[in-house]
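Every read-out reported here was derived from the displayed coordinates using simple, explicitly stated rules and does not represent laboratory data. Keep in mind it's a predicted model, so treat the numbers as computed, not measured. Neighbour counts are summed over all protein chains in view; Cβ atoms, including those assigned to glycine, are modelled from backbone coordinates with ideal geometry.
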Amino acid sequence: MLYVFGFEQIGVVVGDLYFVDPDPDKGQEGAERGVRLEVRMLDREPLKGSIYSATPINIAQPIWRADLLESIDGPIGTFDRTHHHPAFTGWEPGGRRFVPDLSADPLGFVARRLADLRLLLTEAKLPAKEVEDLVEVDGEALRAAVPEVMDAVRRLLTGIAAGELAVAPPNSPVTTEEEPDVYILARSGWL
């Protein structure tokens, strides 16, 4: 499932995710499930037809990501793999950042980051002028929408707890009998 919240130039996308890292860090082995939230640039293209045609909208370049993940092997709600990526290089996220505040209160941490667009964009290492422009255009609208965004996150977490979302892709084993410690890349979800 994918939720999209669009403002003038910034968007927030939220979806469920099932993920197996093919080259995990120590202690991060095994399948993960949870919610991925990204702050992205939005791009409107010119109309492709008449004044009545649908507006082409691109969910473009990622800026920041929060992964509210947990190990499949553990109980629901542990958030034991929860981390964020404060910056991207192109489409590639920087390394996982495990932060005590995020582990202690995942939903609160994400809500606070979204409410402070200036801090989020500064940590993402955007140029100061771009930060100011984006905050001026979208800062207040995003801050006002944080409760709605967090409600979508909670709905996804409820679907995951029910076993309806963040499930393994069909026919994608995570190990093989010949090599039980080798993980095959598996990922499902929009993000």
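Of all residues in region 1-40, those being of a type outside the set (Asp, Glu), part of a loop (DSSP other than H, G, I, E, B) and farther than 17 Å from residue 186 by Cβ number 5. Can you find even one residue in region 55-62 that is free of Cβ contacts under 8 Å to residues at least 12 places away in the same chain and either of a type in the set (Phe, Trp, Tyr) or exposed (fewer than 13 other Cβ atoms within 10 Å of the Cβ) (or both)? Yes, there is a match, as at least one residue in region 55-62 is free of Cβ contacts under 8 Å to residues at least 12 places away in the same chain and either of a type in the set (Phe, Trp, Tyr) or exposed (fewer than 13 other Cβ atoms within 10 Å of the Cβ) (or both). Scanning region 32-67 for residues that are farther than 30 Å from residue 22 by Cβ and among the basic types (Lys, Arg), we see that the one that is farthest from the chain's Cα centre (by Cα) is 48. Within region 46-87, the set of residues being among the β-branched types (Val, Ile, Thr), part of a strand (DSSP E or B) and in contact with a helix residue (DSSP H, G or I) (Cβ under 9 Å, 6 or more places away or on another chain) comprises just one member, 63.
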